[in-house]
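First up is the structure itself, then whatever we jot down about it.
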Amino acid sequence: RGTVLETASFAWDATVNYTTNENEIVSLGGGAPLQLQWLQFMREGYPVGSFFGDRFIEVNGEVGLASNLLRDSNGDLPEGWDYLGQPLPTRQIQLGSTFSVGSSVTLGFLLDHKGGHMNQDHSLRWLMHSARQVTGDGQGVAVDSNGNRVNEGPISHRCRDNPDNGAIQAVCGRASALTHGDFAFPADFWRLREVTMTYRMPDAWVAPIGVQSATLSLAGRNLFRWTDYPGLDPEGMYRNDLSD
């Protein structure tokens, strides 16, 4: 945190924060892995509460379950074949600035980043469920990526907009379950966390009502988000036992 520029009528104060987080379960005392819920386990050699699960992948043009495609010539699976990622961000970045204009106006903003972690998205799990179809009875309410009304097919845009992605189409074609690893996604994002404006009213405005000073403040929270996360919100959680 520091002052970048300061003059008689203008000041710029900036804040930069970078945080990392790494953890590993060294020992469970000889016990078996502990399931917290659904995809989340406590397993030796991995971060606390990590996600594990079988899922559809594509290897050399072939689409199938990882438990089949990742086997070696002896039919064995490598260690960590089902590891998807951890629920806690491995890095967090905050970039903020405050600008003081004269003695009356102050403007500020805060950018927030979290990354290196996963989130299991249950909203998308339901939307991609093979039984969730928009019927062809003319009552469909879904639209495609071009805004055209669609009367048949899966509800999820992820299914509609990726017809050539074999792994995604395989997920859209089977009944989803809480233990399927297809719905754990990287949850990296940048977010405009806050924008503020403060105006100190002239003393002459408030003196007649017996007030020494008054300040008017406006603030907006979570105004914009930049992410490749396919679900509704990378910060949205549904009963994750470990989250940020």
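The number of residues in segment 47-68 being in a loop (DSSP other than H, G, I, E, B) and under 26 Å from the mean Cα position of the chain (by Cα) comes to 6. Among the criteria (1) aliphatic (A, V, I, L, M); (2) within 30 Å of Asp54 (Cα to Cα); (3) modelled with pLDDT of 95 or more, the one Ala219 does not fulfil is (2). Just one residue in the set Thr227, Thr198 is surrounded by 15 or more Cβ atoms within 10 Å (Cβ to Cβ) and either among the hydrophobic types (A, V, I, L, M, F, W, C) or more than 30 Å from Ser156 (Cα to Cα) (or both); that residue is Thr198.
With respect to Thr179, determine if the residue is open to solvent by less than 50 Å² (accessible area, probe 1.4 Å) and among the β-branched types (Val, Ile, Thr). Answer is no for this residue.
The one condition from (1) small (Gly, Ala, Ser); (2) in contact (Cβ under 8 Å) with a residue 12 or more places away in the chain; (3) open to solvent by 40 Å² or more (accessible area, probe 1.4 Å) that Ser97 does not meet is (3).
For (1) of a type in the set (Lys, Arg); (2) surrounded by 14 or more Cβ atoms within 10 Å (Cβ to Cβ); (3) in a loop (DSSP other than H, G, I, E, B); (4) touching a strand residue (DSSP E or B) at 6+ places or on another chain (Cβ under 6 Å), each residue gets a yes or a no:
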| residue | (1), (2), (3), (4) |
| --- | --- |
| Ala11 | no, yes, no, yes |
| Asn23 | no, no, yes, no |
| Gly30 | no, no, yes, no |
| Gly45 | no, no, yes, no |
| Asp72 | no, no, yes, no |
| Asp76 | no, no, yes, no |
| Gly80 | no, no, yes, no |
| Leu84 | no, yes, no, yes |
| Leu88 | no, yes, yes, no |
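The values are calculated or read from the model by the stated rules, or taken from the named source; none is laboratory data. Computed from a predicted structure; not experimentally measured. So basically every Cβ, Gly included, is an ideal-geometry build from the backbone, and we count neighbours across all protein chains shown. Surface areas here come from the heavy atoms of the whole protein model, side chains and all, with no ligands, DNA or RNA. Shrake-Rupley method; radii C 1.70, N 1.55, O 1.52, S 1.80 Å.
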